[in-house]
Amino acid sequence: MLVMKFGGASVQRAASFLQLAQMIVDRSVGHPHIIVVVSAMAHTTDQLVSLAKSVNPTPPDRELDMLLTVGERVSISLLAMALAKVGKSAVSFTGSQSGIITNDHHSNARIVEVRPRRILEALDKGKIAIVAGFQGMSMKGEITTLGRGGSDTSAVALAVAVGAPRVEFYKDVPGVFERDPKVDPNAKFFPVLSFQEALHIVASGAKILAPRCIELAEKNGIELCIRSFLNPKGDGTVVGVSQKRLNCYEVPACSLN
């Protein structure tokens, strides 16, 4: 079982989805069960926020969440289409369809439970499961969003729920650096980090992963690997250490709080 997470920078244009589809096909060799979490296309969320505020400068949180989740729905459907084009069967799921249950806090909800029944059914049928990051559904049945970086947390929460030992994050940098390598080409690269070291780097201003994502991974022993979608075969940065997990179709005892 493998969870792959692609951010908005990796899906900037239509052709990007075909490139990602081929990467997923390559990773499926040796990984027959893959869950892909994908963000909205680059700048889409900002554009949707601007659109909302052009209509109402203070849009209701519930309705803003309803609008913003459109971005990821575009990405998951296009990626499923791209995989179909390269001969790989896939099925896309919104956050609510994936069983991501949150509290009631619109625009900054926290995941409280994951019920991955439909995802596991798709994997059982040999399909790749594509999940919309950044979103879920409250216990009251309302659509919610998880705030900035929420897609990273979605990926780790799904890994916990299905017993996947690792999440691979594909970014526009080859791993974790002490400073932004696009600003400082001489910034130190970290091939391996502990969870606490990764949290310290994020607290210092790096935006490579959401803190909540790292904390959830540490609590549940999920290894994180950050590499570039421009060089997917690169070693990248590994955060944490692998731990023996249950069978991939067993749901382990886990903590999402």
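Stokes-Einstein diffusion for the chain, with the hydrodynamic radius set to the Kirkwood value over Cα pairs and evaluated at 4 °C in a medium of 1.567 mPa s, equals 71 µm²/s.
Write down the percent of antiparallel bridges among all DSSP beta bridges whose residues are both part of the chain, to the nearest 5.
On the way: 11 of 38 bridges.
Beta bridges within the chain, antiparallel portion: roughly 30 percent.
How big is the Cα convex hull of segment 27-134 in projection, averaged over all directions, in nm²?
Working: hull surface 30.1 nm².
Value for segment 27-134: 7.5 nm².
What percent do you get for the relative contact order of the chain when only Cα pairs under 8 Å and 6+ apart count? Dividing the mean separation by the residue count of the chain yields 20 percent. Structural size metrics of segment 100-148, computed from C-alpha coordinates, are Rg and Dmax of 12.0, 35 Å. Computed log10 I(q)/I(0) for segment 1-74 at 0.11, 0.12 Å⁻¹: -0.38, -0.43, from the Debye equation with unit scatterers placed on every C-alpha and solvent omitted.
Per-residue 3J(HN,Hα) values for segment 197-202, derived from phi via the Karplus relation 6.51 cos²θ - 1.76 cosθ + 1.60 with θ = phi - 60°, read 5, 5, 4, 5, 5, 5 Hz in sequence order (x marks Gly and Pro). Taking a straight Cα-Cα cut-off under 26 Å and skipping sequence neighbours fewer than 8 places away in the same chain, the lysines within cross-link reach of LYS207 are LYS5, LYS53, LYS171, LYS182, LYS188, LYS219, LYS233.
State, to one decimal in nm, how far the label point of THR58 lies from the label point of ARG117, with both points 7 Å from Cα in the Cβ direction. Distance between label points: 4.1 nm. Close amide H partners of THR102, meaning residues 5 or more places away or on another chain with modelled amide H under 5 Å apart, are VAL112, MET137, SER138, MET139. Full extension of the segment from ALA84 to VAL70, taken as 0.36 nm per residue of separation minus the current Cα-Cα distance, would add 2.9 nm.
No value in this document is a laboratory result; all are computed from the given coordinates. The structure presented is a predicted model; accordingly, all values stated were derived computationally and were not measured. Positions of Cβ are generated from backbone atoms using ideal geometry, with glycine treated the same way; all protein chains shown enter the neighbour counts.
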